[in-house]
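Step one of this worksheet: look at the structure below.
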Amino acid sequence: MKEEWSISLWSVALAVLGVLGIFLGTYLLRNFTVLWYFKKRNVPYSKPVFIFGNMLPMLRQRKSLAEFFQDLYREFPNEKYFGAFEFGNPIYVLRDTELIKSVTVKHFDHFSNHKAYVDESVDPLFGGNLFSMTGERWKEMRSIVSPTFTSSKMRVMFELISKCADDFTDYLEKQPRPLTVEMKGLFTRYTNDVIATAAFGVSVNSLENQENEFYLMGKDATNPGGLTTIKMFLFSWSPTLMKILRQTYVSNKVATFFRNLVKDTISTRIKDGIVRPDLIHQLMQAKHKRGDEKLSIDEITGQAFIFFFAGFDTASTLMSFTCHQLAVHSDIQDKLIAEIDAAYDEDGGKLSYDKVSQLKYLDMVLNETLRYYPPAVNTDRLSNLEFELPPPNGTDKPVIAKPGTRVWIPIFALHHDSQYFPDPEKFDPERFSPENKGSINPFAYMPFGVGPRNCPGSRFALMETKIVLCCLLRKFRICVGSKTQVPLVLSRTSPVMTAEHGFWLDLESRKSAAC
């Protein structure tokens, strides 16, 4: 019996080793083959490291994500595009704005998708959302989601968001002085409350009730460190392997929470006849174009979750970077406070949707923050049709990009290129003044993406940011404190844009501000 058991174990072990050997052999052969990918096409490329491609600086946490793409971009200053390797996957990195326009707008039908890292059959929450969808299914869902963010819908949601902003400043006013705070932590609680009420119809106050389940689940879902970071690299390295291993991006606990939340919300609204001007209502009303059936719970949850996932972190990061710049540039803060005070006075002490929308200098400050610190450092497109790329340096033959070819668009690097933004390391809102903004190349400035696959929720993110900044600056000055990092250093351990040591700032009541 023992001998049979021993033979069985050896058989299993040999089978496992055989599978691993085949997998490793195939992977090594593929790595050897792809090294010739750009050479035979006469495309300049960044020298890869075996197996890791060009990703080793990121894996070793030697560079922030922004520095990684900026250094890649600067390797080939005279090329329209060049080659790079995401592990063993060859990718074209686009530098030329006319080529970016061609890929993202003119020939969008050739490059209409993002690379899907997470398989929907394994992770319907992350793999079945608008960002990951492709083809006609993406087009259909985009047409369903987009009306949620029209001006008329934003106007209706304005009061809901203003209530969250008032709760935010009320909380700060009750805190003992001197007040030194980590702004990102505060702002994520505010954005959590905004999304809870505007998208899910749930009322929470995450500053007063710091352990509420909605906030804790959001933090779990968007936590960019630890296991999540490792998973992101593994999904990037081999989506197929992660699918075989049945790995999900978000935990089962988070997925179950959001699915049950959406299910209960829909059930309550149907039962009680509740109608709210939010994303859940829009998705509840939607029907598939291919039939008369309504969206499933998983489909609704996927779209609501990506709205939460993007809004929870992206908007709070924009708010944090903006506050840091206002603290460092007190003259800019003075000018912005003057504009906000005048708007309050004209509106009888309370801001309206129209008045907030008309704050030109606030627009300029936010646009410059988005240039300096874009929420997405990079974006991608995946070809679904054959496409002819022009010669990379104007002298060689055109390059035929086959279906499945992927391109990167290095947003941060373009935003910091002196060709498009003179003195790019200077924070200067005047770039976006009414007189100057017309001269900005729209394919060198794309904080929320570009073309038909840009971010549909950008208007919402900007509105919630404007409202909270108006409320905050009406009562406080934002000051550089003893814990403030100047200049700010970007995190090398996070896969998203954030500060290495947090956004620590002092808040002084404007009645007694000394900074």
Exercise for the section: Rounded to the nearest 500, what is the 222 nm mean residue ellipticity of the chain from helices alone, with -39500 (n - 2.57) per DSSP H run of 4+ residues and division by all residues? Expected result: -15500 deg cm²/dmol
Exercise for the section: Set the Förster distance to 41 Å, then compute FRET efficiency between Gln358 and Leu56 from the Cβ-Cβ distance, nearest 0.05. Expected result: 0.25
Practice task
Using 0.36 nm per residue of separation minus the Cα-Cα distance, give me the extension gain between Arg137 and Asn78 in nm, one decimal.
Solution key: 17.4 nm
Fill in the blank from the handout: With 0.36 nm assigned to each residue of separation and the Cα-Cα distance removed, Asn42 to Ala116 gains 23.8 nm
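Placing unit charges on C-beta atoms (Lys and Arg positive, Asp and Glu negative, everything else neutral), compute the dipole magnitude of the range 305-423 about its Cα centre in debye, rounded to 20.
The dipole of the range 305-423 has a size of about 580 debye.
What is the order of Trp36, Trp408, fewest Cβ neighbours within 10 Å to most?
Least crowded to most crowded, the residues run Trp36, Trp408.
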Practice task
At most 10 other Cβ atoms within 10 Å and a DSSP loop assignment: could you name the GluC sites (Glu not before Pro) in the range 435-515 that fit?
Solution key: Glu435
Handout entry: Cα gyration tensor shape for the range 113-196, rounded if a/c is under 1.5, else prolate or oblate
Key = oblate
Fill in the blank from the handout: Hydrophobic long helices for the chain, i.e. whole DSSP H runs reaching 27 angstrom or more by Cα along the axis with Kyte-Doolittle mean at least 0.0, come out as 2-34, 297-328
Practice task
Can you pull the one-decimal nm distance between simple spin-label points at Asn260 and Val275, each 7 Å off the Cα toward Cβ?
Solution key: 3.1
Completion exercise
With 0.36 nm assigned to each residue of separation and the Cα-Cα distance removed, Lys483 to Glu500 gains 4.9 nm
Exercise for the section: Project the alpha carbons of the range 35-509 onto their principal axes and report the range along each, largest first, in whole Å. Expected result: 67, 54, 39
Problem - Ordering of 425-431, 113-119 by burial proxy (mean other Cβ atoms within 10 Å per residue, highest first) - result: 113-119, 425-431
Exercise for the section: Give, in whole angstrom and from largest to smallest, the semi-axes √(5λ) of the equivalent ellipsoid of the range 279-356, with λ running over the eigenvalues of the Cα gyration tensor. Expected result: 40, 19, 8
Problem - Exposure proxy order (Cβ contacts within 10 Å, fewest to most) of Met58, Met284, Met319, Met463 - result: Met284, Met58, Met463, Met319
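Bear in mind that the values in this text are calculations on the coordinates, not laboratory data. Every value quoted in this text rests on a predicted model; they were computed, and no experiment measured them. Counting neighbours? That spans all protein chains shown, and the Cβs are built from the backbone with ideal geometry, glycine included.
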